[in-house]
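Quick notes on the structure that follows.
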Amino acid sequence: MKALKILSILLVITIIEVTAQQKTVYLGFIEGDIDLGLAPYVTRVINEAEKNNADAIIFKINTFGGRVDAATQIKDAILSSKVKTVAFVNNRAISAGALITLSCNVIVMAPGSNMGAATVVDQTGQKVGEKYQSYMRSEMRSTAEKNGRPTDIAQAMVDERIVIPGLCDSTQLVTLTSEEAVKYKMADTILTRLDDVLSYIGMKDAKIVDVRSNWAEDIVRFLNNPIIASILIMIGFFGLLAEIKTPGWGLPGTAGLIALALFFGSSYILQLASIVEILMFVAGVVLLLVEIFVIPGFGVAGISGIVLIFASIFLSLIGSEPFITFESISVAIIQLTVALIAAIILVFLLAKFLPKTTAFSKLVLSESEKTDQGFVSYPSDTSLIGKSGKALTVLRPAGIAEIDGKKYDVVADNEYIEPGKPVKVIRVEGIKVVVQEVK
């Protein structure tokens with residue numbers, strides 16, 4: 001019995017020691033396009049790993065690249081991580097993906113994978129100016145330097161003019177295969193499976209915490225999609241235009257403000273819009289509301305509000321330095337123009353077709369007042385027809401006549417009538433009383 005107790009105690013101690021020694025590895029994913037919506041996810045993975053005292057973070061990387069500003073945000077988050085970071089390049093780490101890969105402490109490449117081609121290009125794939133290439137070379141060089149990688153090869157991934165003996169001449173941009181990456185010390189080893197990576201970093205039996213993007217990050221990433229952002233701007237413009245053209249405040253204006261709030265909210269989270277742009281937008285909306293509810297007509301306050309709203313959206317679309325390019329400005333102008341034109345067309349179509357519907361008839365007056373339906377601007381005094389009087393002034397053809405002791409503005413029926421002549425009312429058309437001379 002005593003031996004059984006001792007055995008139980010030893011077993012408990014062993015279990016506690018094994019549990020205490022078990023390491024924890026967080027697993028994150030950098031796949032598809034590198035966009036600004038990916039940065040908050042990577043930051044959350046790192047923060048959770050640090051909070052829970054993880055032993056390492058493995059990022060599975062498979063990307064053709066994307067936005068440089070997004071890549072630099074991710075790179076900064078990884079470099080500042082207090083937890084050991086491992087890049088497991090599964091297939092490819094191209095362009096912005098190469099910068100992210102170099103920011104990790106350990107780089108493992110799968111057989112047949114590649115890394116490089118980090119020249120900054122525009123949306124058409126054309127190489128942009130030297131200013132941006134210089135910035136990217138600096139980012140690649142400093143990141144490689146931080147983790148003890150060859151800086152010349154890192155720069156050669158951006159600039160084809162850099163010569164690496166035995167690897168490239170002055171006409172070739174560097175993109176390394178997995179074998180070349182290990183040979184030139186840009187990667188540490190070549191492994192096929194995640195289990196092999198765990199063994200390589202000394203965490204074979206580690207607990208894996210698989211971290212995927214959550215719904216909030218997915219929504220922000222969705223809202224930041226250029227097409228969705230353009231639709232939100234269009235809805236915003238439509239709502240504001242509708243409120244300018246109609247009295248008071250209603251559903252279109254509310255929908256427009258919600259759409260623009262979603263646009264600015266996602267842009268702020270992704271560091272595209274600063275507090276300055278948001279304050280400009282709020283000031284613009286306030287001025288517009290003052291114009292609609294306080295000041296009659298449409299003047300300086302309304303125009304100033306529209307200018308501020310346009311400017312805030314434009315600045316949010318182009319981002320911030322050093323990523324403002326002629327192309328980003330052109331794209332922002334095109335997005336704004338297309339959204340505005342679409343909103344104007346939508347307002348026109350709604351005004352033309354929706355008055356025929358029951359729902360829209362509650363918002364606008366769809367009935368017209370016609371004479372044949374009994375609507376007149378001034379009632380006709382038909383009781384005057386047939387009555388006689390005399391002209392008090394010359395009727396040529398308009399003038400004044402006295403009928404039944406009252407003075408009326410009258411019009412002679414195709415004739416000239418002198419003062420004092422007897423007249424007779426032959427018809428009345430609203431306020432128009434037509435007379436003729438009694439011969």
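Assorted remarks:
- 16 Å Cα-Cα reach of K127 towards aspartates and glutamates, excluding residues that sit fewer than 8 places from it in its own chain: D159, E160, E327
- Extension reserve of the R193-E418 stretch, reckoned as 0.36 nm per residue once the Cα distance is removed: 69.7 nm
- Within region 134-236, trypsin sites (Lys or Arg not before Pro) in DSSP loop having at most 13 other beta-carbon neighbours inside 10 Å: R161, K185, R193, K204, R212
- Each residue of region 199-204 was assigned a 3J(HN,Hα) from its phi angle through the Karplus curve 6.51 cos²θ - 1.76 cosθ + 1.60 (θ = phi - 60°); the sequence is 5, 5, 8, x, 9, 4 Hz, with glycine and proline shown as x.
- Amide H contacts for M157 (H built 1.01 Å from N in the peptide plane; partners 5 or more residues away or on another chain; cut-off under 5 Å): V174.
- Cα gyration tensor category, rounded, prolate or oblate, for region 146-282 with a/c compared to 1.5: prolate
- Links that overshoot a 21 Å alpha carbon limit, given the list K75/K146; K84/K183; K183/K204; K51/K185; K23/K183; K75/K207: K84/K183; K183/K204; K51/K185; K23/K183; K75/K207
- Along region 227-236 the Karplus relation, 6.51 cos²θ - 1.76 cosθ + 1.60 evaluated at θ = phi - 60°, assigns HN-Hα couplings of 5, 5, 4, 5, 5, 4, 5, 4, 4, x Hz to successive residues, with x for each Gly and Pro.
- 3J(HN,Hα) couplings calculated from phi for region 429-439 with the Karplus curve 6.51 cos²θ - 1.76 cosθ + 1.60 (θ = phi - 60°) are, in sequence order, 10, x, 8, 8, 9, 9, 10, 9, 6, 8, 6 Hz; Gly and Pro show x.
Bear in mind these aren't lab numbers, they're just calculated from the coordinates by the rules spelled out. The model shown is predicted, which means the values in this text are computed figures rather than measured ones. Cβ coordinates were reconstructed from backbone atoms using ideal geometry, including for glycine residues, and neighbour counts include every protein chain displayed.
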